[in-house]
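Enquirer: Sharing a structure here in structure tokens format.
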Amino acid sequence: MSKPLPDAGQPLMIQLRQVNKWFGQFHVLKDINLDVSRQEVVVICGPSGSGKSTLIRCINRLEEHQRGQIFVEGTELTSDLKHIELIRREVGMVFQQFNLFPHLKVKDNVSLAPVWVRKLPRAEADRLAMELLDRVGIAEQAEKYPGQLSGGQQQRVAIARALAMQPKIMLFDEPTSALDPEMIKEVLDVMRELAKSGMTMICVTHEMGFAREVADRIIFMDQGQIVEANTPQEFFTNPREQRTRLFLSQILQH
Amino acid sequence: MMTEAGRLPPDSPPSKPQPPNPLLRLRLGAFGWMRKNLFSSWLNTLLTVAAAWIVWEAASGMARWALLDASFAEGPEACKGIAGACWGFIREMWPLFLVGVYPATERWRPAVALLIVAALGAVTLNRRVRARRGFWWLWLVGCAAAFLLIRGSPWLGLSMPESTRWGGLMLTLILTVAGIAVAFPFSIVLALGRRSRMPIIRALCVAYIELIRGVPLITILFMASFMLPLFFPAGLNFDKVLRAQVGIILFSAAYLAEVVRGGLQGVGRGQLEAAGALGLSYWHTMGFIVMPQALRIVIPPLTGTFIALLKDTSLVAIVGLFDLLGMAQQAVGNPQWLGKLIEAYAFVALIYFSLCYGMSHFSRVLERRFKAGQ
């Protein structure tokens, strides 16, 4: 692992201050504080139902937090639609279920947002789409529909689609959890390459090998709280908290 | 004698798989199929024979009436003593069926208008033409031209027959095409409104849809025709056809809105989230992501509603307009041609059927194409 640690002088991309969220009576996020600097790769792990997906979905306002503050590049997320749109342009997201647009060709999946949100001319957006599809290794599938691709290919299209908006931050919500085992590597390879290129990333994932290799920081969540935040080295070899140790023993056993 | 692999050696007599003769197999297949499905038991054989007899009787009776015993000559006298159909009636009356009492010297105008629309319809079937940029503007221009032809325009030197003289198939098509063209977009807005997060908009849409759906079309046509003028100042008297048209549009839009809403509910939440995460606005999300998928889901019920709209236009007869069916009723009442009910209705039914079947067929073509695409 040769990637340099993000230098301390890097500006903060994301700040969460005492963020709280409830689903009805259920307290999903409890006093979350988190800073992410530019070019940092943060992996969030934890048992299911611990609130990790909800946490990253709050960052681009797919979920609304009820208390506390979230800043993305200094802009605070409020119910102000202008701010939300501004932030969503800067933050790309990749979903567990891909969520590609099934009625559009792969190429159009990628070029749609650049044309209509970034107002890129059609030809330029097409060129950008082909470039990105090439980068994730599926340029030859550009004219197909998402339903004709394998899960791994679909997820790579989804990554290209998010990158087409030229975001400064990428959020990954369990990007490999819906994939057959033999397709996980091709998606992780793309994410690895992305991390090396200096993208700021927050990944919710159970892929501990990936976390160990790529993450600058690993955050362990349980029951809506951040239990531990640590460097991968410390996290895996010398976890501070009892709950982290228990989780690691469960997840690394098999 | 078997080999160790458990297969028959090549030189042993062939047991099952023979080189199939496709023709032979087809014939055997057909016979086999019949024996299996139609004559498998006593009762089945009886039912098959009885059904075949009924079908034969009905079909031959119809053929005798429509063709063999029929008269095709002109004039009411030709039908004296004829047991079958009297197609001379249709030969004389067909302009009435097609354009109503539109002035006889101007009949070329609706004919040209129909040609324009039919040509547009024909080229629309071609996918490549349809995908052309600005193709839908062609429809707008074509329909405007057709409408201008029928309505007339002093500028162009075309006389303006009163719209009460519009009738027959022409009126049916005008009410249907304009009805769909306006009601469909309106219904999309209503469906989106019903799912809106803004309470006032949602309440208005729900109220509208439920109110209209709770009232028969006849009532709405009556209201539009006879009550609306009471609310307007005496001098302002807008067109009778237009009033019926508005009634049909208001009515159909409510039904279409519910069909469209069904489609909207079939589009997963993930699609909205993906579009939102890319920064697409509400209208872009609806226009490019949600609506195309929603409408594909509901092609069959949409087609059903369009077909219902076409057939419901016949209800304008009750407000004194004579569409295709209304004109048939008028023609039947002609004292020179008494008792030509069946001929009239058979002719009308044939026209309605071709139109409805055409719509239905086009919808199936669309469905198949979308399915193949994904």
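The values are calculated or read from the model by the stated rules, or taken from the named source; none is laboratory data. Computed from a prediction, not measured in an experiment: that's the story for all the values here. Quick reminder, even Gly has a Cβ in these numbers, built from the backbone with ideal geometry, and neighbours come from all protein chains shown. Note: accessible area is taken over every heavy atom of the protein model, side chains too, but ligands, DNA and RNA are not part of it. Shrake-Rupley method; radii C 1.70, N 1.55, O 1.52, S 1.80 Å.
Enquirer: With a 1.4 Å probe on protein heavy atoms only, tell me which residues of segment B:291-322 lose at least 30 Å² of accessible surface in the complex relative to the chain by itself.
Expert: Going by heavy-atom accessible area, the residues of segment B:291-322 that drop by at least 30 Å² are B:Gln293.
Enquirer: Kindly count the pairs of lysines across chain B whose alpha carbons are less than 25 Å apart, treating pairs on different chains or eight or more residues apart as eligible.
Expert: 4
Enquirer: Another question, then. Whole-Hz Karplus ³J(HN,Hα) for segment B:238-249, in order, using 6.51 cos²θ - 1.76 cosθ + 1.60 and θ = phi - 60°, x for Gly and Pro?
Expert: Coupling constants for segment B:238-249: 8, 3, 5, 4, 4, 5, 5, 4, 4, x, 5, 5 Hz.
Enquirer: Taking θ = phi - 60°, what integer Hz values does the Karplus form 6.51 cos²θ - 1.76 cosθ + 1.60 yield along segment A:90-96, in sequence order, with x for Gly and Pro?
Expert: For segment A:90-96, the Karplus curve yields 8, 10, x, 9, 10, 9, 4 Hz.
Enquirer: Per the 1.4 Å probe, what fraction of the accessible area of segment B:251-363, in percent, lies on carbon and sulfur atoms?
Expert: In segment B:251-363, the share of accessible area belonging to carbon and sulfur is 68 percent.
Enquirer: Sequence-distant or interchain residues sharing an amide H contact under 5 Å with A:Ile14, placed H: which?
Expert: Under 5 Å from the amide H of A:Ile14: A:Val36, A:Glu73.
Enquirer: Need the C-alpha centroid separation for segment B:316-374 versus segment B:145-213, integer Å.
Expert: If we compute the Cα centre of each part, the gap is 20 Å.
Enquirer: Another question, then. What chymotrypsin sites (Phe, Trp or Tyr not before Pro) does segment B:200-268 have in DSSP loop regions with at most 14 other beta carbons within 10 Å?
Expert: Details: sites: B:Tyr208, B:Phe222, B:Phe226, B:Phe231, B:Phe238, B:Phe251, B:Tyr255; in loops: B:Phe238.
Counting only loop positions with at most 14 other Cβ atoms within 10 Å, the chymotrypsin sites (Phe, Trp or Tyr not before Pro) in segment B:200-268 are B:Phe238.
Enquirer: How many angstrom separate the Cα center of segment B:238-298 from the Cα center of segment A:203-254?
Expert: 46
Enquirer: Given the peptides B:140-147, A:46-53, arrange them by the average over their residues of other C-beta atoms within 10 Å, most packed first. List each step's numbers first, then the result.
Expert: Numbers: B:140-147: 14.8, A:46-53: 20.1.
The packing order, highest mean first, is A:46-53, B:140-147.
Enquirer: Now for a separate question. Taking segment A:186-241, which GluC sites (Glu not before Pro) meet the DSSP loop condition and have no more than 16 other C-beta atoms within 10 Å? Let's see the in-between values first.
Expert: Values: sites: A:Glu186, A:Glu193, A:Glu207, A:Glu213, A:Glu228, A:Glu234, A:Glu241; in loops: A:Glu207, A:Glu241.
Listed in order of number, the matching sites are A:Glu241.
Enquirer: Right, something else. Can you work out the accessible area per residue across segment B:152-311, with the rest of the protein chains kept in place, probe 1.4 Å, in square angstrom?
Expert: For segment B:152-311, the solvent-accessible area averages 47 Å² per residue.
Enquirer: Over the whole of B:279-289, what's the average partner chain Cβ count within 10 Å per residue? Rounded to a whole number, please. Intermediate results must be reported in sequence, preceding the final value.
Expert: Details: counts 16, 6, 4, 1, 1, 5, 1, 0, 1, 8, 5.
What the average comes to for B:279-289 is 4.
Enquirer: State, as an integer percentage, the relative contact order of chain B based on alpha-carbon contacts under 8 Å between residues 6 or more apart.
Expert: Details: 353 pairs, mean separation 61.5, N = 374.
Across chain B, relative contact order equals 16 percent.
Enquirer: With the full set of protein chains in place, find how many percent of the accessible area of segment A:154-226 is carbon and sulfur; take the probe as 1.4 Å.
Expert: Using a 1.4 Å probe with all protein chains present, segment A:154-226 comes out at 45 percent carbon and sulfur.
Enquirer: Enumerate the calculated ³J(HN,Hα) couplings along segment B:61-74 in order (Karplus 6.51 cos²θ - 1.76 cosθ + 1.60, θ = phi - 60°), each rounded to whole Hz, writing x wherever the residue is Gly or Pro.
Expert: With coefficients 6.51, -1.76 and 1.60, one gets x, 5, 4, 4, 5, 7, 10, 5, 8, 7, 10, 10, 6, 7 Hz.
Enquirer: In square angstrom, what is the accessible area per residue of segment A:103-145 with a 1.4 angstrom probe?
Expert: Numbers: 2040 Å² over 43 residues.
Per-residue accessible area for segment A:103-145 comes out at 47 Å².
Enquirer: Would you tell me the mean number of C-beta atoms belonging to other protein chains that fall within 10 Å of each C-beta in A:101-109, as a whole number?
Expert: Taking all residues of A:101-109 together, the mean is 4.
Enquirer: If you don't mind, there's one more thing I want to ask. Just how many pairs of Lys in chain A have C-alpha atoms closer than 19 Å, counting pairs that are eight or more places apart or on different chains?
Expert: 13
Enquirer: Restricting to DSSP H runs of at least four residues, report the calculated mean residue ellipticity at 222 nm for chain B, -39500 (n - 2.57) per run over all residues, nearest 500 deg cm²/dmol.
Expert: -21000 deg cm²/dmol
Enquirer: Dipole of chain A (Lys/Arg Cβ +1, Asp/Glu Cβ -1, origin at the Cα centre): which of A:Gln242, A:Ile184, A:Met93 lies farthest to the positive side?
Expert: A:Met93
Enquirer: Right, here's the next one. For B:Trp65 and B:Asp239 in one chain, what is 0.36 nm times their gap in residues minus the Cα-Cα distance, to one decimal in nm? Mind showing how you got there, number by number?
Expert: Details: separation 174, 0.36 × 174 = 62.64 nm, distance 4.26 nm.
Length gained, B:Trp65 through B:Asp239: 58.4 nm.
Enquirer: Filter the trypsin sites (Lys or Arg not before Pro) in segment B:125-186 to those in DSSP coil with at most 10 other Cβ atoms within 10 Å of their Cβ, and list the result.
Expert: In loop regions of segment B:125-186 (DSSP not H, G, I, E or B), the sparsely surrounded trypsin sites (Lys or Arg not before Pro) are B:Arg133.
Enquirer: How well do other chains shield peptide B:261-273, expressed as the mean number of their Cβ atoms within 10 Å of each residue Cβ?
Expert: Neighbouring Cβ atoms belonging to other protein chains average 2 per residue here.
Enquirer: Find the sum over both chains of the accessible area lost when A and B are paired, probe 1.4 Å, and report it in Å² to the nearest 100.
Expert: That pair of chains buries around 1900 Å² in total.
Enquirer: Measure off, as a whole percent, the carbon and sulfur share of the 1.4 Å-probe accessible area of segment A:19-152, all protein chains present. Working shown, then result.
Expert: Numbers: 2670 of 5730 Å².
Looking at segment A:19-152 in its full context, I get 47 percent from C and S.
Enquirer: Something else about it: In deg cm²/dmol, rounded to 500, what helix-only [θ] at 222 nm does chain A give when every DSSP H run of at least 4 residues adds -39500 (n - 2.57) and the total is split over its residues?
Expert: Helix-only estimate at 222 nm: -11500 deg cm²/dmol.
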